[in-house]
Amino acid sequence: MTVLTGAPLLPTYARFPVTFVDGEGSWLIDEDGKRYLDLIAGIAVVSLGHKHPAPLAAAKEQLDRLWHVSNLYSTLPMEHLAVRLSERFGGAHAFFCNSGTEAVEAALKWARKSTGKTGYVALEGSFHGRTMGALSITGQPGKQKPFLPLVPGVSFTTPDRLADAVNADTAAIILEPIQGEGGVHPLGREVLETARALADEFEAMLIFDEVQTGIGRTGAFYAWQNSGVKPDAITLAKGLANGLPIGALLVSDDSPTGFVPGDHASTFGGNPVSCAAANAVVDTIDDDLLTHVREIGALFQNELPNVRGRGLLLAVELGRPAGPVAHELLAKGLLVGTAGDTALRLTPSLTISHDEAQQAIAILREVLA
Ligand SMILES: *Cc1c(COP(=O)(O)O)cnc(C)c1O
């Protein structure tokens with residue numbers, strides 16, 4: 001694949017041949033004025049839809065007030081966001097950064113610091129990010145191989161063989177409650193319960209990577225709340241600020257604080273504009289919106305064949321390469337992602353209307369028939 005726009009960008013992406021210039025709600029508009037129904041939402045990022053008034057107003061107000069002071073000082077949007085995320089968690093402390101992979105890096109360092117141990121247990125097929133630490137616990141050999149050697153001490157296992165991988169050297173067990181990028185594979189409650197029990201037995205930290213599943217995506221505010229299995233820490237990013245860069249590590253108040261001043265840092269972390277937008281996002285994701293997420297998720301599951309996932313983190317298994325189908329859907333004005341090689345990934349904004357979901361289902365049925 002070549003870079004299609006001709007702009008001098010390193011070729012790390014095989015981009016679709018379209019350039020977007022505007023968006024509103026679940027719709028995107030390209031250079032020629034063509035409208036597309038957006039079932040990707042920036043890969044589960046634009047959680048309330050494009051130009052949602054609440055984060056838009058909050059970010060604009062903060063842009064006019066204060067952009068950056070560094071973490072040498074406090075700012076109100078960051079403090080308020082920590083309080084909100086902690087309340088939703090049931091008591092937690094936050095570290096803010098700028099992306100999912102950075103949140104995972106923070107989690108990896110925190111687990112070593114908290115336990116004095118070095119080992120990590122992660123799952124085959126997982127995805128935790130692209131920086132060296134996060135890549136080290138990403139269970140996809142193809143993504144790792146060109147960049148070896150990575151961080152040592154990582155054991156990959158399968159959900160049913162967790163017990164064979166965890167031992168006294170394990171600092172952390174790291175899981176996505178629903179594997180997202182790897183194909184949208186939900187972990188069963190028993191697997192999460194086993195992970196919790198093993199972490200307790202071996203005094204390891206249980207970390208859920210909720211970069212994709214968090215902030216309402218699965219129909220609960222945090223995906224761990226679906227199972228009731230409470231982790232020691234979670235990572236957040238994608239949907240938190242409706243498209244502005246942000247990431248967070250949340251450490252449960254029941255677990256060690258781990259870090260002391262100087263252990264970890266992020267120049268841009270807790271940016272006031274991103275945090276202001278995030279506060280508006282968190283306030284908008286109330287019980288009504290979470291019910292809506294579950295209802296629209298059920299609609300997709302009922303109206304389309306071979307759908308898996310939870311809430312609005314869904315995959316449609318095709319049994320054939322998904323890439324060409326995504327291109328065909330693009331031509332028909334529908335944006336979808338892919339998950340693994342043979343599935344479409346649907347991560348619409350949480351605010352997608354019943355009508356819009358029906359329109360998307362009609363196009364999907366036509367193309368998949
Ligand atoms: C997207 C994702 C990441 C990486 O986030 P970036 O912001 O791209 O660094 C990490 N973990 C999970 C579960 C993700 O879905």
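Bear in mind that the values in this text are calculations on the coordinates, not laboratory data. Because the structure is predicted, anything quoted here is derived from the model rather than measured. With ideal geometry, Cβ positions are generated from the backbone for all residues, glycine too; neighbour counts draw on all protein chains shown.
Brief remarks follow.
- Rounded to the nearest 20 debye, dipole of region 252-369 from Cβ charges on Lys, Arg, Asp, Glu: 540 debye
- Ordered by the number of other Cβ atoms lying within 10 Å of each residue's own Cβ, fewest first, Tyr36, Tyr73, Tyr13, Tyr120 fall into the sequence Tyr73, Tyr13, Tyr36, Tyr120.
- Phi to ³J(HN,Hα) by Karplus 6.51 cos²θ - 1.76 cosθ + 1.60 over region 129-145, Hz, x for Gly, Pro: x, 10, 6, 4, x, 5, 5, 4, 9, 8, x, 10, x, x, 6, 7, 3
- For the peptides 88-101, 191-204, residues were scored by their other Cβ atoms within 10 Å and the scores averaged per peptide; the highest-first order is 88-101, 191-204.
- Within the chain, helix-based [θ] at 222 nm, where runs of 4 or more DSSP H residues each add -39,500 (n - 2.57), nearest 500: -10500 deg cm²/dmol
- Partners for Lys60 among lysines (Cα-Cα distance below 29 Å; same-chain residues under 8 apart left out): Lys34, Lys51, Lys238
- Within straight-line cross-link reach of Lys117, lysines at Cα separation under 24 Å, skipping those fewer than 8 residues along the same chain: Lys109, Lys230
- Built amide H within the under 5 Å cut-off of Gly340, gap 5+: Gly183
- Segment Leu150..Lys51, full-extension length gain: 31.7 nm, with 0.36 nm per residue of separation and the alpha-carbon distance subtracted.
- Rough spin-label spacing in nm, given labels placed 7 Å along Cα→Cβ, for Thr257 and Gln359: 5.1 nm
- Relative contact order %, region 54-284, counting alpha carbon pairs below 8 Å whose residues are six or more apart: 32 percent
- Charge sum, other residues only, whose C-beta stays under 15 Å from Thr138's C-beta, Lys/Arg counted +1 and Asp/Glu -1: -3
- Local electrostatic count, Val325, Cβ distance below 14 Å [Lys/Arg +1, Asp/Glu -1]: 0
- Length available on full extension from Val21 to Arg320: 0.36 nm per residue minus the Cα-Cα distance, which gives 104.4 nm.
- Convex hull (Cα only) mean projected area of the chain, reported in nm² to one decimal: 18.3 nm²
- Within-14-Å neighbourhood charge of Glu356 [Cβ basis; K, R +1; D, E -1]: -4
- Ranked Phe127, Phe268, criterion: other C-beta atoms within 10 Å, fewest first: Phe268, Phe127
- Cβ-Cβ FRET estimate between Leu66 and Ile29, R0 fixed at 45 Å, reported to 0.05: 0.90
- Cβ crowding within 10 Å, taken as a proxy for footprinting-reagent exposure, orders Leu240, Leu76 from fewest neighbours to most as Leu76, Leu240.
- Computed about its Cα centre, the charge dipole of the chain is approximately 660 debye, with only Lys, Arg, Asp and Glu carrying charge at their Cβ.
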